[in-house]
Amino acid sequence: MDAENIGYIVLAHGDMPQLKRLLGALDRHSPKFVHVDAKYTASLPDISEYNAEYVEPRGIGYWGSISLVDLTRSSMKQALRNTNIERLVLLSGSCFPIESPENIRMFFQSNQGKEYIDYFFVKDGSVKYQNKMNKYWIPDDIYMWLRPLFGDKCVKYLARLSTRAANIFLPLRKPSIAYNVAFGSQWWALTRESAEHVVDVLDGDKELRRAFKYTLAPDEMYIHTIVSNSPFSENIYGSRSFEGGGTFRKANLHFINEDLAKFCTLNDLNDVLASGKLFVRKVRSRDGVELCRALQARHVNAGATYPSEAGDASAGG
């Protein structure tokens, strides 16, 4: 598998200097498809030098909402128009590669056909996970029409109030779908065939969409449910079992801290390197530049070369 056969989807929310560090640290021959959340209103930098393009049209992704699945779907569809792509890797704008571009390429070359989207079935998990399907979650985007008038705080308040009211006055949800619902980490790496199947189901199965529309964090269930209930499930790498609470337990190719809100810094370098993963999440310009610089120095020592501007992990920091 050549580098041009590996496509990267990047869901970014802002922090353009860190986004450019990420794009510059990935293989220059790999096509990259970047969706920048429409809530980011500043001008977007030119990313063509990184063999990258923006996903259009841009949309708004609300935390815990099906809107994040919709943005992923549109990004997948744009990426799959490139017929050279054999593997799609989903990253966030706050990710950074732990391994060099060549090591990442060799990893996927050695593991062709594997699907990196570990999961457990919700029915086998704790009540916390079962309630993701049994209880209602009213997402912020239901009230997005009020955002220009009253702002994000009002939208969030109304959504949380509606969620509490729905779970008090309405019976438990019992979606009638022909799928065993699965849960895992949002960040995955799928073969082209699996990704095409996911897009087909996302586009075509309206009943499944209705089942996930009012759930909490469908970005950690919807696509996992599709793949785990498909013939591609035989090729999924991972335990496929419930191992306790915490999305980090189902991390596929990412080092993710147990504290999901934590941004990694240079102090985390040893843990990041010991993880055996390909990418680290989360990193930002404010306090992650030194970590990026240390990781990129290891890449250069392994023979990697970068565009001059992107290769300076301190740029823009």
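If you check Pro171, Pro148, Pro175, which single one turns out to be of a type outside the set (Ser, Thr, Tyr), exposed (fewer than 13 other Cβ atoms within 10 Å of the Cβ) and assigned to a loop (DSSP other than H, G, I, E, B)?
Step by step, each of Pro171, Pro148, Pro175 is checked, and only Pro171 is of a type outside the set (Ser, Thr, Tyr), exposed (fewer than 13 other Cβ atoms within 10 Å of the Cβ) and assigned to a loop (DSSP other than H, G, I, E, B).
Could you say whether any residue in the range 169-181 is of a type in the set (D, E, K, R) and farther than 26 Å from Asn84 by Cα?
The answer is yes; a qualifying residue exists.
Checking Asn252 against (1) polar (S, T, N, Q); (2) out of contact with any helix residue (DSSP H, G or I) (no Cβ under 8 Å at 6 or more places or on another chain); (3) at pLDDT below 95: exactly one of these is not met. Which one?
(3)
Go through Ala294, Ala261 for me and flag whichever is among the small types (Gly, Ala, Ser) and touching a Leu at 6+ places or on another chain (Cβ under 6 Å).
Testing whether each residue is among the small types (Gly, Ala, Ser) and touching a Leu at 6+ places or on another chain (Cβ under 6 Å) leaves just Ala294.
Could you run through the range 277-295 and say how many residues are farther than 16 Å from Gly24 by Cα and buried (at least 18 other Cβ atoms within 10 Å of the Cβ)?
3
Of the numbered conditions (1) surrounded by 16 or more Cβ atoms within 10 Å (Cβ to Cβ); (2) farther than 17 Å from Ser74 by Cα, Arg192 satisfies every one except a single condition; which is it?
That leaves (2) as the condition not met.
Would you be able to tell me the number of residues in the range 13-39 that are assigned to a helix (DSSP H, G or I) and either among the hydrophobic types (A, V, I, L, M, F, W, C) or in contact with a His (Cβ under 9 Å, 6 or more places away or on another chain) (or both)?
Qualifying residue count, the range 13-39: 5.
For Val181, are the conditions met, namely being within 24 Å of the chain's Cα centre (by Cα) and either in the same structural domain as Lys250 (by TED's automatic domain parsing) or not acidic (Asp, Glu) (or both)?
It is true that Val181 is within 24 Å of the chain's Cα centre (by Cα) and either in the same structural domain as Lys250 (by TED's automatic domain parsing) or not acidic (Asp, Glu) (or both).
Residues are listed down the side, and each one gets a yes or a no for (1) of a type in the set (A, V, I, L, M); (2) surrounded by fewer than 18 Cβ atoms within 10 Å (Cβ to Cβ); (3) under 17 Å from the mean Cα position of the chain (by Cα); (4) at pLDDT below 95:
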{"residue": "Leu22", "(1), (2), (3), (4)": "yes, no, yes, no"}
{"residue": "Ser30", "(1), (2), (3), (4)": "no, no, no, no"}
{"residue": "Leu71", "(1), (2), (3), (4)": "yes, no, yes, no"}
{"residue": "Ser75", "(1), (2), (3), (4)": "no, no, yes, no"}
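Could you please give the count of residues in the range 91-130 that are without any contact (Cβ under 8 Å) to a residue 24 or more places away in the chain and in contact with an Asp or Glu (Cβ under 7 Å, 6 or more places away or on another chain)?
Number of matching residues: 0.
Of the residues that make up the range 258-269, is at least one in contact with a Gly (Cβ under 7 Å, 6 or more places away or on another chain), more than 22 Å from Arg173 (Cα to Cα) and acidic (Asp, Glu)?
Looking through the range 258-269, at least one residue is in contact with a Gly (Cβ under 7 Å, 6 or more places away or on another chain), more than 22 Å from Arg173 (Cα to Cα) and acidic (Asp, Glu).
Could you give me the residue pairs with C-beta distances under 6 Å whose first residue belongs to the range 146-170 and is free of Cβ contacts under 8 Å to residues at least 12 places away in the same chain, whose second residue is part of a helix (DSSP H, G or I) wherever it lies, and which are 6+ apart or on separate chains?
Close Cβ pairs satisfying both conditions: Arg147/Val155.
From the list His197, His224, which one is closer than 19 Å to Ile9 by Cα, in contact (Cβ under 8 Å) with a residue 60 or more places away in the chain and not hydrophobic (A, V, I, L, M, F, W, C)?
After ruling out the rest, the residue left standing is His224.
Among the numbered conditions (1) more than 22 Å from Ile104 (Cα to Cα); (2) surrounded by fewer than 22 Cβ atoms within 10 Å (Cβ to Cβ); (3) of a type in the set (Phe, Trp, Tyr), tell me where Tyr222 comes up short.
If we test Tyr222 against (1) more than 22 Å from Ile104 (Cα to Cα); (2) surrounded by fewer than 22 Cβ atoms within 10 Å (Cβ to Cβ); (3) of a type in the set (Phe, Trp, Tyr), just (2) comes out false.
Name, by its number, the condition in (1) modelled with pLDDT of 95 or more; (2) crowded, with 21+ Cβ neighbours inside 10 Å that does not hold for Ser65.
With (1) modelled with pLDDT of 95 or more; (2) crowded, with 21+ Cβ neighbours inside 10 Å applied to Ser65, the lone miss is (1).
Give, as residue ranges, the strands (runs of 3 or more DSSP E) completely inside the range 45-113 that count at least 2 residues that are in contact with a Phe, Trp or Tyr (Cβ under 6 Å, 6 or more places away or on another chain).
Where strands (runs of 3 or more DSSP E) fall fully within the range 45-113 and carry at least 2 residues being in contact with a Phe, Trp or Tyr (Cβ under 6 Å, 6 or more places away or on another chain), they are 87-92, 95-97.
The values are calculated or read from the model by the stated rules, or taken from the named source; none is laboratory data. Owing to the predicted nature of the structure, the values given are computational and were not obtained by experimental measurement. Quick reminder, even Gly has a Cβ in these numbers, built from the backbone with ideal geometry, and neighbours come from all protein chains shown.
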